[in-house]
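Mind having a look at this structure? Questions to follow.
The values are calculated or read from the model by the stated rules, or taken from the named source; none is laboratory data. Computed from a predicted model, the values in this text were never measured in an experiment. Here Cβ is always computed from backbone atoms with ideal geometry, including for glycine, and neighbour counts include all displayed protein chains. Please note that ligands, DNA and RNA were not included when accessible areas were found on the heavy atoms of the full protein model with its side chains. Shrake-Rupley method; radii C 1.70, N 1.55, O 1.52, S 1.80 Å.
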Amino acid sequence: MMKHILPILIFLSLSFVQTFGQSFSLSDDNGPIANGTVVQVIAAPSTEIVTFRASIKNNSTATKSLKARKTHIAILPNTFNTFCWAGTCYAPTTFVSPDLLTLAPGQTSGRNDFYSDYLPENQAGTSKIRYTFFDSTNPNDSVSVIVHFVTSTTGADDLIATPTDIISNPFPNPASFKVSFILNLSSKQSNPRIILRNIMGATVIEQPITQRSGDCSLAVEHLKEGVYFYTLLVNSNTIIKTGKLIIKR
């Protein structure tokens, strides 16, 4: 009888470790992300920069110092991707963050502590990248998400913008005190807004759009000179266009 009990106890012990050994959980702007889940980010191939953000929560009772790792699963030729972690943005050739992000028990990282930028360079198709966040002292204690950067309209249905959804290039560019866009959005797109981020990825302006066609202006006189990135978003997190804006006085 003992010969049967021992394997069962070993199996239960291993199951307990696998179930409760994971200290971290993930979420994005749309809610929780299960470990190992595939998330699609859809944009037009002409989009300058496609961004994915995730927050990491420390569910353990100990303070954890984490690193981030990217793994290329399938990458379209002539495209580029980078990621930012703990306030530092890395070159495309960096796959493991040199920097640590420390989270206290129960703490969740900020929206700008991790994000990845994908540059499709007019290439249509799907690039697949796994992002793993792990305890620097115990790499097996980790959580991950697989992001599919989809730059194709085929089969996307209502998840992407229609051809009539447009935003012009910003003018003037460089801008000093105000920048304007010309918009034309279809009525089916909900929650349209323009987000302006600085070069570190921090959101400096998020302005809802109340008029679906015509001019839309942003006041930028309070911003420092430099390079910024604007994004027109609709629905939950659908990107219509991302581009570069320079502020100069």
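Only residues that are in a strand (DSSP E or B) and surrounded by fewer than 13 Cβ atoms within 10 Å (Cβ to Cβ): list them for the stretch 89-104, please.
None - no residue of the stretch 89-104 is in a strand (DSSP E or B) and surrounded by fewer than 13 Cβ atoms within 10 Å (Cβ to Cβ), so the list stays empty.
Restricting attention to strands (runs of 3 or more DSSP E) lying wholly within the stretch 173-229, give those where 2 or more residues are closer than 18 Å to R111 by Cα.
Answer list for the stretch 173-229: 193-198, 203-208.
I've got another one for you. Report, by residue number, each residue of the stretch 157-187 that is of a type in the set (A, V, I, L, M, F, W, C), at pLDDT 90 or above and surrounded by fewer than 15 Cβ atoms within 10 Å (Cβ to Cβ).
Hits for the stretch 157-187 are F171, F177.
Which count do you get for residues in the stretch 192-223 that are among the charged types (D, E, K, R), touching a residue at least 24 places away in the same chain (Cβ under 8 Å) and either within 28 Å of T88 (Cβ to Cβ) or surrounded by 19 or more Cβ atoms within 10 Å (Cβ to Cβ) (or both)?
Looking only at that region, the number is 2.
Can you tell me which residue in the stretch 29-51 is surrounded by the fewest Cβ atoms within 10 Å (Cβ to Cβ), limited to those that are under 23 Å from G106 (Cα atoms) and either at pLDDT 95 or above or under 15 Å from the mean Cα position of the chain (by Cα) (or both)?
G31
Yes or no: T61 within 26 Å of G31 (Cβ to Cβ), in a loop (DSSP other than H, G, I, E, B) and modelled with pLDDT of 95 or more?
yes
Report yes if some residue within the stretch 97-114 is among the acidic types (D, E), closer than 23 Å to T151 by Cα and within 14 Å of the chain's Cα centre (by Cα); otherwise report no.
Within the stretch 97-114, not a single residue is among the acidic types (D, E), closer than 23 Å to T151 by Cα and within 14 Å of the chain's Cα centre (by Cα).
I'd like the residue in the stretch 114-144 that is in a loop (DSSP other than H, G, I, E, B) and modelled with pLDDT of 95 or more and, out of all such residues, is most open to solvent (accessible area, probe 1.4 Å).
Across the stretch 114-144, the extreme among qualifying residues is T137.
Kindly indicate the residue of the stretch 230-249 that is on the phi < 0 side of the Ramachandran plot and assigned to a loop (DSSP other than H, G, I, E, B) and also surrounded by the most Cβ atoms within 10 Å (Cβ to Cβ) among those meeting that condition.
The extreme case among them is N237.
Residues T94, T82, T47, T51: which one is free of Cβ contacts under 8 Å to residues at least 60 places away in the same chain and within 22 Å of T231 (Cα to Cα)?
T82
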